[in-house]
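Below you'll find the structure, written out as structure tokens, and then a few comments.
The values are calculated or read from the model by the stated rules, or taken from the named source; none is laboratory data. As the structure is a prediction and not an experimental result, all values here were calculated from the model. For neighbour counting, all protein chains shown are included, and Cβ atoms are generated from backbone atoms with ideal geometry for every residue, glycine included.
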Amino acid sequence: MDSSAATMAVRASSSSFSSSPSNFFSISTNSNPNPKPALFKLYPHRTRIQKPLKCIQSPSPDSSPLKPGSRNTGSPFSCSAVTLWPTGTTDLVPCKLERLVAEFRSLSEPIERVKRLLHHAGLLPPFDELARVDSNRVMGCTAQVWLEARMDKEGKMRFAADSDSEITRGFCSCLISVLDGAAPEEVLRVKTEDLAALNVGLSGGQRSRVNTWHNVLISMQKKTKALVAEREGKAPFEPFPSLVITSDGIRAKGSYAEAQARFLFPDELKVQQLVDVLKEKKIGVVAHFYMDPEVQGVLTAAQKQWSHIYISDSLVMADTAVKMAKAGCQFITVLGVDFMSENVRAILDQAGFPEVGVYRMSNERIGCSLADAAAAPAYMSYLEAASKSPPSLHVIYINTSLETKAYAHEIVPTITCTSSNVVQTILQAFAQVPELEIWYGPDSYMGANIAELFQQMTKMTDEEVAEIHPAHNGNSIKSLLPRLHYYQDGTCIVHHLFGHEVVERINEMYCDAFLTAHFEVPGEMFALAMEAKQRGMGVVGSTQNILDFIKQRVQEALDRNVNDHLQFVLGTESGMVTSIVAAVRSLLGSAKSSRGDAKINVEIVFPVSSDSMTKTSNSPPGLNSIKVGDVILPVIPGVASGEGCSIHGGCASCPYMKMNSLSSLLKVCQQLPDETNALAAYEADRYKLQTPNGKSIADVGCEPILHMRQFQASKKLPEKLVYQILHLHGNVRSLSSS
């Protein structure tokens, strides 16, 4: 291809080709950008064996690595570059990779690198048309990519690939030239970081086609693992339950997924019953994403007739309640845990709506493992230590009670955070207050993940760090690490389940899928999702971040207007699926009515820990199928089918959240207004107690939330909070209400 054609190829692909510095999880550990390639490699003499002479070659255009007996006769590399190779050595792949890196580094101009990629594309053997199936698609690539693998009689891996993009075909050709014919252990030993130097360096859009290097490699390794397990006679992992969403309907895989799907199409009589009472009595409903699927299914359907229903994360619930009160709602029902209803009550009072009633959905306490951890004496002791190390700032997760926030703020200056803004809050605080000590809590996993993220940032360039926060560079990140503390005895019982067992199965079966993880997950799952994020295949953040990520990837697939299968591993509470399904179906439905014939399948996978599985030996065989909406359920969902959630919340299902039932919601709504005081146990009480300094818990507890709101608006810590940090030295009592 001449240079003008290559220039056109650059322009056509520039919108999605190069890595953006804003992708702060993309970390290159290569500190020397221009090393001299080692053309010869000397190996110490280990045994007296014959050492054959081997030439590093790529497949010829007319040979297919998947066809037994084919031979690679052509090579884009100079055959003068040879190495003495001991029989059976495992160093051939690193040498090939080194040669490939040297080849691209020798080309200083981006246009020359693109031309070289196009040259490699021309070397890729023809791909079998019968192999262009969904099971061979590589997820996460801008272009369509197919990859086929087999193991030959000698136990070597043989790969073939193709793409509808010439540049992507070049990527595939390069990878095949390195890994085709390699032993399985050689294929599995290659890390995505090893490919960092192969970035061809074109400027362009937010995510790079250079991710193709990584995503194709991950797919090669997944197929290699499966073939090795088959050869060794190992039983494959059982797949996690999942829901497959299309424009035509939903298909459930596994009885747990079927239980989730069952309530996506609720009883219309129940929906109408709820809508009628909400309209009649002017009741607003705020619910958390983690609600029971039956409740969410009814609420989602009822939203179409009554706008004062909102499902969100905990931060938005109180804000939405204020909007509903301004719109004329006389009561707010809160579907969540107790600290959420407490926050709604306090924020409504702060906003001037003390007459609006706030009601919980149970006459019993609805707890939260994180909130309970922050209310323990050990947490107060943690804060006492913080107060003795001025200047200190306590960054507390919003998923804690108002009482905890108030008591904490009187020990050490406190600001609330969410999983969406915690990183920016901490970085801004360090930038704004010299020599600051930060004490995060109560979620131990999130604290550890923040520390790990900052540790990774020390490996970035100053420009990459500045993209995350403009006031920081590599040195400032290194200097703040010793001053970042986090509480080490608080976890969410749901996210705690995403541990080693789940991570192992994800690595084996879903390593090429899109991975989503809440910031509260354990370190192994966090690291897995972070690595996926580097490849444009993952997200780590809040429930809203996860929902937005899935919607964005689905919209991108629709914009490409080609058949595609997107698979997302849901690394948070399974109740999220209702909102995800609603959003995805809306996108797919809109595309179906306005666009062409492309078929997009979106699969939501529910990781299930063995702690969640309850087995029965009396599962009745041959259960009849039932139809719910447009979903066919081949078996009756639930524990009787051998798969379900334990009462401990094992399959990422919060038992506290499930205390919010549809029957309770209807009961509360039907008895409002509560003229006989029958709902006294359901009402969210105002805090009548005082802090140790004699201040109102509601007033002091709301201040850290207000500090966060000001930070979100201005991107700076409020002056009042900075003053408290610098001048109070662990005694906020005298200024907490000033």
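The residue list Ala252, Ala257 contains one member that is touching a Phe, Trp or Tyr at 6+ places or on another chain (Cβ under 8 Å) and either in a helix (DSSP H, G or I) or closer than 20 Å to Met576 by Cα (or both), which is Ala257.
Checking the conditions here, which among Ile332, Ile396 is of a type in the set (Val, Ile, Thr), in contact with a Pro (Cβ under 9 Å, 6 or more places away or on another chain) and surrounded by 23 or more Cβ atoms within 10 Å (Cβ to Cβ)?
On the way: Ile332 fails: in contact with a Pro (Cβ under 9 Å, 6 or more places away or on another chain).
That would be Ile396, the only listed residue that is of a type in the set (Val, Ile, Thr), in contact with a Pro (Cβ under 9 Å, 6 or more places away or on another chain) and surrounded by 23 or more Cβ atoms within 10 Å (Cβ to Cβ).
Checking the conditions here, which among Ala698, Ala713, Ala681 is modelled with pLDDT of 90 or more, in the same structural domain as Pro470 (by TED's automatic domain parsing), outside any loop (DSSP other than H, G, I, E, B) and not basic (Lys, Arg)? Working first, answer last.
Values: Ala698 fails: modelled with pLDDT of 90 or more; Ala681 fails: in the same structural domain as Pro470 (by TED's automatic domain parsing).
So the residue among Ala698, Ala713, Ala681 that is modelled with pLDDT of 90 or more, in the same structural domain as Pro470 (by TED's automatic domain parsing), outside any loop (DSSP other than H, G, I, E, B) and not basic (Lys, Arg) is Ala713.
When Gly297, Gly284 are checked against the criterion of being touching a helix residue (DSSP H, G or I) at 6+ places or on another chain (Cβ under 8 Å), farther than 17 Å from Ile398 by Cβ and part of a helix (DSSP H, G or I), a single residue qualifies: Gly297.
Being at pLDDT 90 or above, aromatic (Phe, Trp, Tyr) and out of contact with any Ser or Thr (no Cβ under 9 Å at 6 or more places or on another chain) holds for only one residue in Tyr382, Tyr407, and it is Tyr382.
Looking at Asp548, Asp564, Asp559, which is the one that is within 18 Å of Asp134 (Cβ to Cβ) and either in the same structural domain as Pro607 (by TED's automatic domain parsing) or free of Cβ contacts under 8 Å to residues at least 24 places away in the same chain (or both)?
On the way: Asp548 fails: within 18 Å of Asp134 (Cβ to Cβ); Asp559 fails: within 18 Å of Asp134 (Cβ to Cβ).
Just a single option satisfies the conditions, and that option is Asp564.
Has segment 579-586 got at least one residue that is in a helix (DSSP H, G or I), surrounded by 20 or more Cβ atoms within 10 Å (Cβ to Cβ), out of contact with any His (no Cβ under 6 Å at 6 or more places or on another chain) and at pLDDT below 65? So far as segment 579-586 goes, no, none of its residues is in a helix (DSSP H, G or I), surrounded by 20 or more Cβ atoms within 10 Å (Cβ to Cβ), out of contact with any His (no Cβ under 6 Å at 6 or more places or on another chain) and at pLDDT below 65.
Take the conditions small (Gly, Ala, Ser), surrounded by fewer than 20 Cβ atoms within 10 Å (Cβ to Cβ) and either over 30 Å from Asn215 (Cα atoms) or in contact (Cβ under 8 Å) with a residue 12 or more places away in the chain (or both) and apply them to Gly499. Does it pass? Lay out the reasoning, then the answer.
On the way: small (Gly, Ala, Ser): yes; surrounded by fewer than 20 Cβ atoms within 10 Å (Cβ to Cβ): yes; either over 30 Å from Asn215 (Cα atoms) or in contact (Cβ under 8 Å) with a residue 12 or more places away in the chain (or both): yes.
Yes.
Pairs meeting the criteria (first residue in segment 307-320 and modelled with pLDDT of 90 or more and of a type in the set (Ser, Thr, Tyr), second residue crowded, with 18+ Cβ neighbours inside 10 Å and part of a helix (DSSP H, G or I), beta carbons under 8 Å, at least 6 apart or on different chains) are Tyr310/Met317; Tyr310/Thr320; Tyr310/Met324.
Against the list (1) over 30 Å from Ser401 (Cα atoms); (2) acidic (Asp, Glu); (3) free of Cβ contacts under 8 Å to residues at least 40 places away in the same chain, the condition Asp248 fails is (3).
Scanning segment 347-374 for residues that are among the small types (Gly, Ala, Ser) and at pLDDT below 90, we see that the one that is surrounded by the fewest Cβ atoms within 10 Å (Cβ to Cβ) is Gly367.
Considering only segment 422-433, I want to know if a residue exists there that is assigned to a loop (DSSP other than H, G, I, E, B) and hydrophobic (A, V, I, L, M, F, W, C). Taking every residue of segment 422-433 in turn, at least one turns out to be assigned to a loop (DSSP other than H, G, I, E, B) and hydrophobic (A, V, I, L, M, F, W, C).
No other residue among Val271, Val285, Val275, Val295 is touching a strand residue (DSSP E or B) at 6+ places or on another chain (Cβ under 8 Å) and either over 14 Å from Ser579 (Cα atoms) or surrounded by fewer than 17 Cβ atoms within 10 Å (Cβ to Cβ) (or both) apart from Val285. For segment 268-282, the set of residues classified as farther than 20 Å from Met659 by Cα and either at pLDDT below 90 or in contact with a Leu (Cβ under 8 Å, 6 or more places away or on another chain) (or both) consists of Gln273, Val277, Lys281, listed by residue number.
So, Ala517, is that one assigned to a helix (DSSP H, G or I) and touching a Gly at 6+ places or on another chain (Cβ under 9 Å) or not? Don't jump to the end; show me each part of the working.
Numbers: assigned to a helix (DSSP H, G or I): no; touching a Gly at 6+ places or on another chain (Cβ under 9 Å): yes.
It is false that Ala517 is assigned to a helix (DSSP H, G or I) and touching a Gly at 6+ places or on another chain (Cβ under 9 Å).
If only one of Ala591, Ala598 is touching a residue at least 40 places away in the same chain (Cβ under 8 Å), out of contact with any Phe, Trp or Tyr (no Cβ under 9 Å at 6 or more places or on another chain) and either crowded, with 20+ Cβ neighbours inside 10 Å or assigned to a loop (DSSP other than H, G, I, E, B) (or both), which one is it?
Result of the check over Ala591, Ala598: Ala598.
Candidates are the residues of segment 155-196 that are among the hydroxyl-bearing types (Ser, Thr, Tyr) and crowded, with 24+ Cβ neighbours inside 10 Å; the one that is nearest to Asp134 (Cα to Cα) is Ser163.
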